[in-house]
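The values are calculated or read from the model by the stated rules, or taken from the named source; none is laboratory data. Source: prediction; values computed, not measured. With ideal geometry, Cβ positions are generated from the backbone for all residues, glycine too; neighbour counts draw on all protein chains shown. Accessible surface areas use protein heavy atoms only, side chains included; no ligands, DNA or RNA. Shrake-Rupley method; radii C 1.70, N 1.55, O 1.52, S 1.80 Å.
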Amino acid sequence: MTAMVGLVVRPLAGTLGAEVEGVDLGSPLGDEILAELRALLDRHLVLFFADQGIDDDEQLALASRFGAPYVHPIGRILGRTTAGVEHIVDSVEHPPYQDRWHTDVSWDPFPPVYGFLRARELPSRGGDTIWASMYAAYDALSPLMQRMVEPLVAVHDMGSMRAFVEKAGAEAVARTREQFPGAEHPVIGLHPSTGRRYLNVNREFTDRIVGLNTDESAALLGLLVQHAANPNFQCRHSWTSGELAIWDERCTQHFAVADYMPERREMARVVVGALRSSD
């Protein structure tokens, strides 16, 4: 346990995750606290803040201190121009769809950099979220494999699109796919703040590796996404009501465990894009 600028920080798993106390996220953050939280994100990748009790407007205001408001590509296609907090409701009528390894909207040429997730309604048991460190995933590759994949680029697309169709309709999804047919990203990313390398492919949205034939791409991509899901790289978190998590989208993946049906689970999420130069 460590204390910084009035914050109490309790690291959780071996590779990522920390609980933070001593800050009211519903109040405007001073520059010193904001800088410390960013430093903690660089160090721990995902931070958990219990008993915050903030609302949607406060969550959006908090997120906006960390980066530029981000509008999902489907929202842009539908004419949305301002960011907002999305409520993810999982129930019998709306079955869960986040129970697969992914990083949010990696198929955008300029995907989100930070995610903010708040627990609004929780089942009596279950409903955990798992995060995985892609720093740890890269570090655990053999030196030879690191050198082999370093120059490679992968294509990310909308994946199966089932959840998108259920939420926005087939016509909006077809228009989105036309405008956002996919994005190419390095298989190995380089974090702009820490300078560390991380594995930058995910099972849900990474489609293929550029320059390899179909079989080669499937074999290598399959190996990498299976490697990324190693429990040694993970932190599994059980939520409490009103709790909020902040994580670095670039060097993590996450998986929402869907083990609570037929109970209801509601989470509030907002993501932000590239950091603003004024911050």
Inset, instruction - Return yes when GLY115 is at positive phi and in contact (Cβ under 8 Å) with a residue 24 or more places away in the chain and no when it is not. - result: no
Inset, instruction - Would you mind telling me which numbered condition in (1) within 16 Å of the chain's Cα centre (by Cα); (2) open to solvent by 60 Å² or more (accessible area, probe 1.4 Å) LEU144 fails? - result: (1)
Inset, instruction - Under 7 Å between Cβ atoms, at least 6 apart or on separate chains: pull out the pairs that start in segment 5-34 with a residue that is in contact (Cβ under 8 Å) with a residue 12 or more places away in the chain and end on any residue that is among the hydroxyl-bearing types (Ser, Thr, Tyr) and open to solvent by less than 30 Å² (accessible area, probe 1.4 Å). - result: THR15/SER133; LEU16/SER133; LEU16/THR252
Legend entry - Looking only at segment 87-104, and only at residues there that are among the β-branched types (Val, Ile, Thr) and crowded, with 17+ Cβ neighbours inside 10 Å, the one that is farthest from ARG264 (Cα to Cα): THR103
Inset, instruction - Report those strands (runs of 3 or more DSSP E) wholly inside segment 157-269 carrying at least 1 residues which are among the acidic types (Asp, Glu). - result: 183-186, 206-209, 244-248
Legend entry - Where GLY115 falls short, out of the listed (1) of a type outside the set (Phe, Trp, Tyr); (2) open to solvent by 10 Å² or more (accessible area, probe 1.4 Å); (3) closer than 24 Å to TRP239 by Cβ: (2)
Inset, instruction - Give me the pairs, please: first residue somewhere in segment 205-221 and open to solvent by 60 Å² or more (accessible area, probe 1.4 Å) and among the acidic types (Asp, Glu), second residue anywhere and at pLDDT 95 or above and assigned to a strand (DSSP E or B), beta-carbon distance under 6 Å, and either six or more positions apart or on two chains. - result: ASP207/VAL155
Inset, instruction - Find the residue count for segment 87-104, including only residues that are within 12 Å of the chain's Cα centre (by Cα), within 19 Å of PRO123 (Cα to Cα) and not in a loop (DSSP other than H, G, I, E, B). - result: 0
Inset, instruction - Inspect all residues belonging to segment 71-86 and state whether any of them is loosely packed, with under 15 Cβ neighbours inside 10 Å, within 21 Å of SER160 (Cα to Cα) and more than 21 Å from the chain's Cα centre (by Cα). - result: yes
Legend entry - Condition met for ASP42 (open to solvent by 30 Å² or more (accessible area, probe 1.4 Å) and charged (D, E, K, R)): yes
Inset, instruction - Test THR129 against the stated conditions and say whether it is in contact (Cβ under 8 Å) with a residue 40 or more places away in the chain and more than 30 Å from GLN52 (Cβ to Cβ). - result: no
Inset, instruction - Report yes if some residue within segment 2-10 is part of a strand (DSSP E or B) and among the hydroxyl-bearing types (Ser, Thr, Tyr); otherwise report no. - result: yes
Inset, instruction - For segment 165-181, enumerate the residues that are open to solvent by 30 Å² or more (accessible area, probe 1.4 Å), touching a residue at least 12 places away in the same chain (Cβ under 8 Å) and of a type outside the set (Lys, Arg). - result: GLU166, ALA168, GLN179, PHE180, PRO181
Inset, instruction - Output the number of the condition that ASN230 fails; it satisfies all remaining conditions of (1) open to solvent by 40 Å² or more (accessible area, probe 1.4 Å); (2) out of contact with any Pro (no Cβ under 8 Å at 6 or more places or on another chain); (3) within 16 Å of ASP128 (Cα to Cα). - result: (3)
Legend entry - Identity of the residue in segment 1-11, open to solvent by 50 Å² or more (accessible area, probe 1.4 Å) and at pLDDT 95 or above, that ends up nearest to the chain's Cα centre (by Cα): PRO11
Inset, instruction - Those residues that are crowded, with 17+ Cβ neighbours inside 10 Å and either out of contact with any Asp or Glu (no Cβ under 9 Å at 6 or more places or on another chain) or of a type in the set (Asp, Glu) (or both), I need them from segment 24-33; list them, please. - result: LEU29, ILE33
